[in-house]
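Asks: Please see the structure below; I have some questions.
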Amino acid sequence: MTAAYGCDVSHYQSQISWSQVAAAGKAFAIIKATEGTTWMDARFRSNWAAARAAGLRVSAYHYFRPGLDPISQAQHFHAVVGDLAAGDLIPWVDVEDEHSSVGGLAVAPAVIVEQLLACLGECQRLFGAQTGVYTGRWFWDKLPHTGRFAQQPLWVAHWFVDQKPGGTFSLPSGWSQYAIHQYTSRGKVAGITGNVDLDWTPDLTAIMVGGGVDKTRAVIALLEQALALLRG
């Protein structure tokens with residue numbers, strides 16, 4: 001297992017010196033790519049290219065908007081990010097808002113669950129890799145049937161009072177472990193102006209494309225196929 005520190009960013013961080021971020025000991029970056037069915041982060045492509053060039057492992061995330069077509073959201077996410085390369089980290093879907101847009105109507109929790117399942121399934125089909133969920137207990141524990149997501153890697157936000165990375169704390173319903181801990185929203189890193197979210201993973205290799213979580217997904221798929229044949 002290879003524990004590692006990283007950060008997650010969007011256009012809010014403005015211009016970033018990724019060489020300084022790498023020199024500060026950050027091994028990976030999760031970069032906002034898309035939101036809803038049409039919005040793309042204006043700095044996604046430049047951040048993606050520069051972070052990778054600086055030697056960081058890169059990943060992308062999509063901000064999920066309930067009430068909008070989940071398949072279209074997944075397709076938009078993949079269209080912007082493109083295919084992932086060996087060594088990239090798996091993609092993530094950020095689930096923390098019940099509204100279809102800023103100031104829009106709230107979507108019922110049961111509907112959010114079904115739409116999210118559809119979005120994740122389409123992401124996994126398009127990227128050919130397991131897709132993780134970013135969330136926190138303040139939002140997730142309002143949703144029903146969350147045990148249905150137990151096989152998705154969890155990137156957990158736990159920082160209302162800044163936390164040390166790692167450690168033991170209560171996770172969102174349905175999960176017994178996390179893949180990434182976002183441990184502060186007020187981090188300081190050379191090369192980034194202002195506050196930035198900081199993250200820690202207990203095993204960086206496990207969340208790489210083709211890594212441990214992808215292998216688990218492949219085994220589960222084979223088992224599901226075998227069960228389907230037996231039932232048939």
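The values are calculated or read from the model by the stated rules, or taken from the named source; none is laboratory data. Bear in mind that the values here come from a model prediction, so they are computed numbers and not experimental data. Cβ sites come from the backbone with ideal geometry, for glycine too, and all protein chains shown count toward neighbours.
Asks: Do you know which of the residues in segment 193-216 that are under 19 Å from Met1 (Cβ atoms) and charged (D, E, K, R) is modelled with the lowest pLDDT?
Replies: Looking at the filtered set, the residue picked out is Lys215.
Asks: Residues that are without any contact (Cβ under 8 Å) to a residue 24 or more places away in the chain and surrounded by fewer than 18 Cβ atoms within 10 Å (Cβ to Cβ): find the helices (runs of 4 or more DSSP H) completely inside segment 1-97 holding 1 or more of those.
Replies: 44-53, 70-81
Asks: Name the residues in segment 102-150 that are loosely packed, with under 14 Cβ neighbours inside 10 Å, modelled with pLDDT under 95 and small (Gly, Ala, Ser), would you?
Replies: Gly103, Gly147, Ala150
Asks: Test Pro91 against the stated conditions and say whether it is in contact with a helix residue (DSSP H, G or I) (Cβ under 6 Å, 6 or more places away or on another chain) and farther than 24 Å from Thr205 by Cβ.
Replies: no
Asks: Under 8 Å between Cβ atoms, which residue pairs at least 6 apart in sequence (or on different chains) link something in segment 162-179 that is in contact (Cβ under 8 Å) with a residue 40 or more places away in the chain with a partner that is surrounded by 13 or more Cβ atoms within 10 Å (Cβ to Cβ) and among the polar types (S, T, N, Q)?
Replies: Ala179/Thr201
Asks: Using the structure shown, decide if Gln115 is touching a Ser or Thr at 6+ places or on another chain (Cβ under 7 Å) and more than 30 Å from Gly191 (Cβ to Cβ).
Replies: No, not satisfied.
Asks: Sort through Val161, Val189 and tell me the only one that's β-branched (Val, Ile, Thr), part of a loop (DSSP other than H, G, I, E, B) and surrounded by fewer than 17 Cβ atoms within 10 Å (Cβ to Cβ).
Replies: None of the others qualify; the one that does is Val161.
Okay, residues lined up against (1) assigned to a helix (DSSP H, G or I); (2) of a type in the set (A, V, I, L, M):
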| residue | (1), (2) |
| --- | --- |
| Gln115 | yes, no |
| Ala118 | yes, yes |
| Glu122 | yes, no |
| Val133 | no, yes |
| Trp138 | yes, no |
| Lys142 | no, no |
| Gln151 | no, no |
| Thr168 | no, no |
